[in-house]
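Read the structure below first, then the notes.
The values are calculated or read from the model by the stated rules, or taken from the named source; none is laboratory data. These numbers were taken from a predicted model, which means no experiment stands behind them. FYI the Cβ positions are ideal-geometry reconstructions off the backbone, even for glycines, and counts take in every protein chain you see. These accessible areas exclude ligands, DNA and RNA; they are computed on the full protein's heavy atoms, side chains included. Shrake-Rupley method; radii C 1.70, N 1.55, O 1.52, S 1.80 Å.
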Amino acid sequence: RYSDKIENVVTAADIGGLPDQSIADALTRLPGVAAERISGQASQINLRGLTGNFIATTLNGRLQPSSSGSNYTQFSDYPSELIQQVAIHKSSQADVLEGGIGGTIAMQTVNPLRNQKDHTFNLNVRGSYNSRAGEVYGADTNGYRISGAYQGKFFDDTVGVGLGFAEMYQPHVAEQFVNESYSNNPLTLDGKQVYANTGVQLNQVGGTERRRGYMATTTWEPNDHFKLTGDAFYSKFDNGTFQRGIRTQQFTNGLAVITNPVVSDKGALTGGTVSSIPGGFFGIPGLQGFAVQTTDNNQSRNTSVFSTGLNAEWHDGPWTVTADASIARSNSFQVGSDVTLDAYDNLASGQPRIADQSITFALHGLNVGDLTVTNPGMYTDLSRMALSQYGVYPTTYHDQMKAFRTTVKYELLDNSFFSAFEAGVYLRNHDYNADRAVWIYGSQYGQYWLSNPGQPPLTLDSSNAVTRCWKGSEFGKFPCFLAVDGNAVLAAHGLTPNPVKDWSQNWTEVQ
């Protein structure tokens, strides 16, 4: 209320008092603040229309590293139970270090000497249940959150200790009917110019999120003139994410035969039957662009954030001198793998060719569409399905900051124009590293004999491929598919992924 800058503040009555999943959820209660969600978890904060890349984030006055691979802070790494106060500075001010163009988000942990009681214990236990998780193979239905905290004052209120722990475990699931983007090049169907969609996807998305956070702070205030505070914060967030299902692609550019087209008033293809080209391109059996593929992707991500510092403050009359030394670092690793399966003819012959296939689909606006296949049993037949391509694209980010700052402030108590003069020095060493690698086996659409003759499709067995069907009223109508353990398939054929940077995949070097 009495601030000389534009700011909003969220304050917990006690440690563990904020009810939200992460501090990002608490911030979205403020005006001008919106959150972008990843797997349902509020992560990146947008402030007054500007993304997180334009926002600076501090914890106890210290700039925080990023585990996102960009400039923005992933607030899902910060349990709300361990944060006492969050202020959003919407206008800049000289003493707010590293201010962002969009604003600065300043988080604070507790000062146990300001606690009203000598000793305070806090325990929170919460449970959750997701009724839709049972529709997705490999997803858990139950989740929980546990947090505990202690604040204590000792030696005639000159020493304060604060400790906190928070753990969250929860599933995240989704079922998706995806209509892919439309081509800019129209096809001629039944004498009309028609813009075809690239394909249709059916996805089961699932996984679990487990986050553990720890906080510790100690304050020594022997008199009214001097205060010494040391604090540390650590958070580890493991987000296991998979996406598997059915993908039909290559409707465009003459790569498939489209019959009985359903076309919107604007000329967009919204339904019809899509089939392989009889006999293959140029009469070559198995040379196809269109395919009904089974996919299995792993986008699991593990992140950790550590921040610690020592702050000293001396105050006497109009003079205040502060010094702060800190180190903060974050690490992030994303698996980034995808598996593609195709249906083949003559799989056991040594010269397998991708099978001719056909689907019929219909879009229903914002409602779940329809998709049927001509031979649904083929896509769960271990004698016909094989792994066409396995790609691994691991990404690693490291971000570390070492900083020191000191300030001297002189207050002008009787001056009607100036309140104080303040000057300081701030030094920071920032080390950032992004690394990405790649390892690919095989070829999509079964074209190994053209591009990778030595990497034929890999056969499956019941130990690494399991039939899974859709459930529920909306998705239960779709064809079953195989859920595959890609690493087990590779191991069965004596293969081990070895991701490296590769100039032929030059984006790994750019990263």
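Filter the stretch 76-121 for residues that are open to solvent by less than 20 Å² (accessible area, probe 1.4 Å) and among the acidic types (Asp, Glu); which is modelled with the highest pLDDT? Among residues in the stretch 76-121 that are open to solvent by less than 20 Å² (accessible area, probe 1.4 Å) and among the acidic types (Asp, Glu), the one modelled with the highest pLDDT is Asp77. The single condition among (1) under 28 Å from the mean Cα position of the chain (by Cα); (2) surrounded by fewer than 16 Cβ atoms within 10 Å (Cβ to Cβ); (3) of a type in the set (A, V, I, L, M) that Val305 does not satisfy is (2).
Residues that are closer than 30 Å to Leu202 by Cα and of a type in the set (Val, Ile, Thr) were ranked within the stretch 319-356; the one that is surrounded by the fewest Cβ atoms within 10 Å (Cβ to Cβ) is Val335. Can we say Ser463 is in a loop (DSSP other than H, G, I, E, B), open to solvent by 70 Å² or more (accessible area, probe 1.4 Å) and hydroxyl-bearing (Ser, Thr, Tyr)? In short, yes.
Within the stretch 357-383, which residues are in a loop (DSSP other than H, G, I, E, B) and surrounded by 22 or more Cβ atoms within 10 Å (Cβ to Cβ)?
At the first step, the residues of the stretch 357-383 found to be in a loop (DSSP other than H, G, I, E, B) are 357, 365-366, 374-375, 381-383.
Selection gives Gln357 alone.
Among the residues of the stretch 324-338, is there at least one that is within 20 Å of Ser388 (Cα to Cα), assigned to a strand (DSSP E or B) and within 29 Å of the chain's Cα centre (by Cα)? Within the stretch 324-338, one or more residues are within 20 Å of Ser388 (Cα to Cα), assigned to a strand (DSSP E or B) and within 29 Å of the chain's Cα centre (by Cα).
When the stretch 384-401 is filtered for residues that are open to solvent by 40 Å² or more (accessible area, probe 1.4 Å), farther than 30 Å from Ala325 by Cα and out of contact with any Gly (no Cβ under 7 Å at 6 or more places or on another chain), only Arg384 remains.
Look at Thr496 and say whether it is open to solvent by less than 70 Å² (accessible area, probe 1.4 Å) and either part of a strand (DSSP E or B) or free of Cβ contacts under 8 Å to residues at least 60 places away in the same chain (or both). The answer is no for Thr496. Applying the criterion of at least 2 residues that are among the β-branched types (Val, Ile, Thr) and either touching an Asp or Glu at 6+ places or on another chain (Cβ under 9 Å) or at pLDDT 75 or above (or both) to the strands (runs of 3 or more DSSP E) found wholly in the stretch 1-68 leaves 7-11, 55-59. Picking from residues in the stretch 165-202 that are within 20 Å of Ser147 (Cβ to Cβ) and touching a Phe, Trp or Tyr at 6+ places or on another chain (Cβ under 7 Å), the one that is least open to solvent (accessible area, probe 1.4 Å) is Tyr169. Consider the stretch 224-237 and keep the residues that are open to solvent by 40 Å² or more (accessible area, probe 1.4 Å) and either part of a strand (DSSP E or B) or at pLDDT 95 or above (or both). The one that is nearest to Asn331 (Cα to Cα) is Lys236.
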